[in-house]
Amino acid sequence: MSAELLFDLANLFVLPFWALMLIAPRWRVTQTVMASDLPFLPLVGVYGYFFALTLNAETAQALSNPTLSLVAELFADERAAAAGWAHFLVMDLFVGRWVYWQGQRSGIWARHSVALCLFAGPVGVLSHVVTRWIAQWQGKTAEGTPAASS
């Protein structure tokens, strides 16, 4: 399998999980799938594969004492860029799932934050934190009155 095909497959692999969280967050299938750690394993495998392809003395140096120019030079290699992208896919999905579950458990609307996690994980987390603060300020927490669910 070519690196390009594996990269494309990894990108496609995450889409059903995001679709479930965004389109059918309360569906039992969504909840069952997102309660599992199994969706992350293939992505971690892809990351490990691309990471192993790029591991050599130069990358070890760049990773052990990183500078911006060394990291930029490292990511000029398509395999390293693919490893970095696989890292984004894994971590954004992990964070998106965390936000999803926070919304499910607390009753705080989280769909917008999950969508932001898909495109920019840290922005989605920030969105969720702000949404949670607003809900708490309005007295709509899991312990209090129910908020609009995700």
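Is it true that Gly84 is closer than 21 Å to Phe119 by Cα and without any contact (Cβ under 8 Å) to a residue 60 or more places away in the chain?
On the way: closer than 21 Å to Phe119 by Cα: yes; without any contact (Cβ under 8 Å) to a residue 60 or more places away in the chain: yes.
Yes, satisfied.
Can you find a residue in the range 66-75 that is surrounded by 15 or more Cβ atoms within 10 Å (Cβ to Cβ), assigned to a helix (DSSP H, G or I) and aliphatic (A, V, I, L, M)? Yes; the residues of the range 66-75 include at least one that is surrounded by 15 or more Cβ atoms within 10 Å (Cβ to Cβ), assigned to a helix (DSSP H, G or I) and aliphatic (A, V, I, L, M). Against the list (1) more than 20 Å from the chain's Cα centre (by Cα); (2) at pLDDT 95 or above, the condition Leu93 fails is (1). Looking only at the range 77-85, decide whether some residue is of a type in the set (Lys, Arg) and within 30 Å of Gln136 (Cβ to Cβ). No, that holds for no residue.
Can you tell me how many residues in the range 105-118 are in contact with a helix residue (DSSP H, G or I) (Cβ under 8 Å, 6 or more places away or on another chain) and either more than 20 Å from Leu15 (Cα to Cα) or of a type in the set (Phe, Trp, Tyr) (or both)? Residues in the range 105-118 being in contact with a helix residue (DSSP H, G or I) (Cβ under 8 Å, 6 or more places away or on another chain) and either more than 20 Å from Leu15 (Cα to Cα) or of a type in the set (Phe, Trp, Tyr) (or both): 3 in total.
Of all the numbered requirements in (1) in a helix (DSSP H, G or I); (2) surrounded by fewer than 19 Cβ atoms within 10 Å (Cβ to Cβ), Ala82 misses one, and that requirement is (2). Just one of (1) in contact with a Ser or Thr (Cβ under 7 Å, 6 or more places away or on another chain); (2) within 20 Å of Pro122 (Cα to Cα); (3) at pLDDT below 95 fails for Leu74. It is (2).
The set of residues from the range 25-64 being among the small types (Gly, Ala, Ser) and not in a helix (DSSP H, G or I) comprises just one member, Ser36.
Among the residues of the range 136-149, is there at least one that is among the acidic types (Asp, Glu), at pLDDT below 90 and either assigned to a helix (DSSP H, G or I) or more than 27 Å from Leu6 (Cα to Cα) (or both)? Looking for residues that are among the acidic types (Asp, Glu), at pLDDT below 90 and either assigned to a helix (DSSP H, G or I) or more than 27 Å from Leu6 (Cα to Cα) (or both), one finds at least one in the range 136-149, hence yes. Scanning the range 12-34 for residues that are in contact (Cβ under 8 Å) with a residue 24 or more places away in the chain and either exposed (fewer than 13 other Cβ atoms within 10 Å of the Cβ) or more than 15 Å from Leu93 (Cα to Cα) (or both) yields one hit, Arg26.
Please work out if Val129 is at pLDDT 95 or above and in a helix (DSSP H, G or I). When the stated conditions are applied, Val129 does not pass them.
The values are calculated or read from the model by the stated rules, or taken from the named source; none is laboratory data. Keep in mind it's a predicted model, so treat the numbers as computed, not measured. All Cβ positions, even for glycine, are placed from backbone atoms using ideal geometry, and neighbour counts span all protein chains on display.
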